[in-house]
Amino acid sequence: MGIEENVGNAVNRGKDLYEQNKDKLAEAVKSEQAEDVSDKVLDGVADFAKKIAPGAADKIDEIREQADKAVGNQ
């Protein structure tokens, strides 16, 4: 087996696993735990961005809110 075949097989297994578990993955992304983790990560990234570009604080908050809507349950 060549490296290309091994990579292809791994990709195909990943696709199969995703297809078999996509409902569970969707639930996990919308869970309370995902919300808590995502809030912490997004807050940290937003705070860091505001330190680098303090003049863009309003835009950073807007982007943070949009990202927050995509993950978690709130």
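Placing R0 at 35 angstrom, the Cβ-Cβ distance between Asp47 and Asn21 gives a FRET efficiency of 0.55 after rounding to 0.05. The relative contact order of the chain, computed from alpha carbon pairs under 8 Å that lie at least 6 residues apart in sequence, is 39 percent. Going by the alpha-carbon gyration tensor, a ≥ b ≥ c the square roots of its eigenvalues, is region 32-74 rounded (a/c under 1.5) or, if a/c is not under 1.5, prolate (a/b greater than b/c) versus oblate? Oblate shape, in that a/c is at least 1.5 and b/c is the bigger or equal ratio.
For Glu65, neighbours were defined as the other residues whose beta-carbon sits under 13 Å from its Cβ, and their charges (Lys and Arg +1, Asp and Glu -1) total -3.
Ser38 sits among other residues whose Cβ lies under 13 Å from its own Cβ, and their net charge, with Lys and Arg +1 and Asp and Glu -1, is -3. By the helix-only formula, in which each DSSP H run with n ≥ 4 contributes -39500 (n - 2.57) and the sum is divided by residues, the chain has a 222 nm mean residue ellipticity of -29000 deg cm²/dmol.
Values quoted throughout were computed directly from the atomic coordinates according to the rules given, and no laboratory measurement underlies them. On a predicted model such as this, the values are computed, not experimentally measured, just so you know. Reconstructed Cβ throughout: ideal geometry from the backbone, glycine too, with neighbour counts over all protein chains shown.
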